[in-house]
Amino acid sequence: MTLEKKRILIAKPGLDGHDVGAKVIALALRDAGAEVIYTGLRRSPEQIVRIAVDEDVDMLGLSILSGSHKELARSVIAQLHAEEAGDIKVFVGGTIPDEDFDNLREAGVSGIFTSEMTIDSVIAEIERQLS
Amino acid sequence: MHRLPRRQISRDLTRVANAPVSDVLEAIGDTDVPPAFRIGITGPPGGGKSTLINALVAERLGNSLETTLAVLAIDPASPVSGGAILGDRIRMDAIADLPGLFIRSLSSRGARNGLCDNVVDLLALLEGHGFSEILLETVGVGQSEVAVHEVVDTLVVIVPPDAGDSVQTMKSGILEMADIVVVTKGDQPGAQRMAADLAAVLRARAGREPPVIQTQSSGVGVAELSAAITAHHRWVTEQRPATLSREKRRIYHLKALIERQIHEALRSDQQIAQGTLSQSYDRLLANLRVT
Ligand SMILES: Nc1nc2c(ncn2[C@@H]2O[C@H](COP(=O)(O)OP(=O)(O)OP(=O)(O)O)[C@@H](O)[C@H]2O)c(=O)[nH]1
Ligand SMILES: [Mg+2]
């Protein structure tokens, strides 16, 4: 498996309470061989960054449906850098309008996944970036 | 106030977790540091181990800046993909911000004893980083898996009120090793009864009476449990000279290292099965030295 021994954090910042998408991705990553840490709902950016550091993850996936993806992604990435963990790749998934893609990439987001993409293509992209 | 070097500890843990045996000693740091007080939490899947740790850590550590506490929480790997969902943290939200706490989620990576193969290396590494207490949550398994008893000072076995049949299998296994028994989910029907039954069973079978304590996720019973843990720790320290427990740990650690070394040597030699048994054996011994 290509994601063998890769550690991936799937986190849900913000206030929305839907984690079906996050769970689907977490299971698909597990089936690709990854060790997936799941945080549960409603974690603050501070908490997510601390978990990412303590768990020494290779990748941090933020599942955001609340619309505040730009603010949350920037906040998380800035804090990762402050903790000298800027090497952890940040992905964002959820309801992200096309016009926000450039903004997120500028902020340092490595991958953006929307509900239109197939799970297989999401996993393939993660495998490519982590290998 | 001191601050935990989280990034450093975290990277060291990854390094040790992935290192071949030949690199592990160097990766641990191989110092002769005083051991931490190790508390094991085991019990059936979904029995309430992580939830209990959430309340127990809040009770024992609080916002202390002097003491530091680490949690290693092991979840099972998928036998098909080798991957794992590590979800113990979901229940540990109340303690997520404590400054003196470090939590690491681990995959069992195929170990079948409720632990992971290099758990003792990871415990030793955390001791090297100066943690005064370490809590170890095992995989929720069938409870014939008693290995955790060998690597901790105080073993807490949890039983939920609805455990039913699994208590039968636990009787002749992990329950006999328990230093403290906890009936979780005390707000659910049957908890009182389960606690009484367990106390009777333990008296009859093992001839000893570990405390049986009822807890709830709200925190009820957790102060009592924490006091029982501290009392047991004191008892162990008085009963068992430090050199003895050190020797016990060292022997377990050596066994764990050599077992992995054997696996690595076997995996690296495709021709190991050729020739006679004694030829294979000599080959294996030779391989053990080079790897
Ligand atoms: N009613 C009630 N439910 C509880 C209590 N403690 C835990 N639970 C529930 O029991 C379920 C399992 O709890 P966990 O703490 O994850 O159990 P665990 O033993 O760590 O589970 P694994 O690590 O998967 O083996 C969760 O849904 C908890 O909310 C309690 O005191 N009362
Ligand atoms: Mg658990």
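The values are calculated or read from the model by the stated rules, or taken from the named source; none is laboratory data. Predicted, not measured: the structure shown is a model, and the values here were computed from it. Note that we place each Cβ from the backbone using ideal geometry, even for glycine, and neighbour counts take in every protein chain shown. To get the accessible areas, we keep the full protein, side chains included, count just its heavy atoms, and leave off ligands, DNA and RNA. Shrake-Rupley method; radii C 1.70, N 1.55, O 1.52, S 1.80 Å.
Report yes if some residue within the stretch B:130-139 is open to solvent by less than 20 Å² (accessible area, probe 1.4 Å), in a loop (DSSP other than H, G, I, E, B), over 18 Å from B:Thr184 (Cβ atoms) and more than 12 Å from every other protein chain (Cβ to nearest Cβ); otherwise report no. Steps first, please.
At the first step, the residues of the stretch B:130-139 found to be open to solvent by less than 20 Å² (accessible area, probe 1.4 Å) are B:131, B:134-139.
From what's left, in a loop (DSSP other than H, G, I, E, B): B:131, B:138-139.
In the following step, the residues that additionally are over 18 Å from B:Thr184 (Cβ atoms) were identified as B:131.
Still in the running and more than 12 Å from every other protein chain (Cβ to nearest Cβ): B:131.
Yes: the stretch B:130-139 contains one or more residues that are open to solvent by less than 20 Å² (accessible area, probe 1.4 Å), in a loop (DSSP other than H, G, I, E, B), over 18 Å from B:Thr184 (Cβ atoms) and more than 12 Å from every other protein chain (Cβ to nearest Cβ).
Which of the residues belonging to the stretch A:33-73 are more than 14 Å from every other protein chain (Cβ to nearest Cβ) and surrounded by fewer than 18 Cβ atoms within 10 Å (Cβ to Cβ)?
Matches in the stretch A:33-73: A:Ser66, A:Gly67, A:Ser68, A:Lys70, A:Glu71.
Are any residues in the stretch A:3-27 open to solvent by 70 Å² or more (accessible area, probe 1.4 Å) and within 11 Å of chain B (Cβ to nearest Cβ), and if so, which ones?
Within the stretch A:3-27, A:Glu4, A:Lys5, A:Lys23, A:Leu27 meet the criteria.
Which helices (runs of 4 or more DSSP H) sit wholly inside the stretch B:187-269 and have at least 3 residues that are β-branched (Val, Ile, Thr) and either outside the structural domain of B:Ile174 (by TED's automatic domain parsing) or away from ligand 2 (no atom under 16 Å from the Cβ) (or both)?
B:222-239, B:242-268
Could you go through the stretch B:142-154 and let me know if any residue there is more than 14 Å from every other protein chain (Cβ to nearest Cβ), open to solvent by 10 Å² or more (accessible area, probe 1.4 Å), within 16 Å of ligand 2 (Cβ to nearest atom) and modelled with pLDDT under 90.
Scanning the stretch B:142-154 turns up at least one residue that is more than 14 Å from every other protein chain (Cβ to nearest Cβ), open to solvent by 10 Å² or more (accessible area, probe 1.4 Å), within 16 Å of ligand 2 (Cβ to nearest atom) and modelled with pLDDT under 90.
In this structure, does B:Asp282 turn out to be of a type in the set (D, E, K, R) and open to solvent by less than 30 Å² (accessible area, probe 1.4 Å)?
Details: of a type in the set (D, E, K, R): yes; open to solvent by less than 30 Å² (accessible area, probe 1.4 Å): no.
Criteria not met by B:Asp282.
Condition first: out of contact with any Gly (no Cβ under 8 Å at 6 or more places or on another chain) and either hydroxyl-bearing (Ser, Thr, Tyr) or in contact (Cβ under 8 Å) with a residue 60 or more places away in the chain (or both). Can you find one or more residues in the stretch B:210-221 that meet it?
At the first step, the residues of the stretch B:210-221 found to be out of contact with any Gly (no Cβ under 8 Å at 6 or more places or on another chain) are B:210-212, B:218-219.
Restricting the remaining residues to those that are either hydroxyl-bearing (Ser, Thr, Tyr) or in contact (Cβ under 8 Å) with a residue 60 or more places away in the chain (or both) gives B:218-219.
Checking the stretch B:210-221: at least one residue is out of contact with any Gly (no Cβ under 8 Å at 6 or more places or on another chain) and either hydroxyl-bearing (Ser, Thr, Tyr) or in contact (Cβ under 8 Å) with a residue 60 or more places away in the chain (or both).
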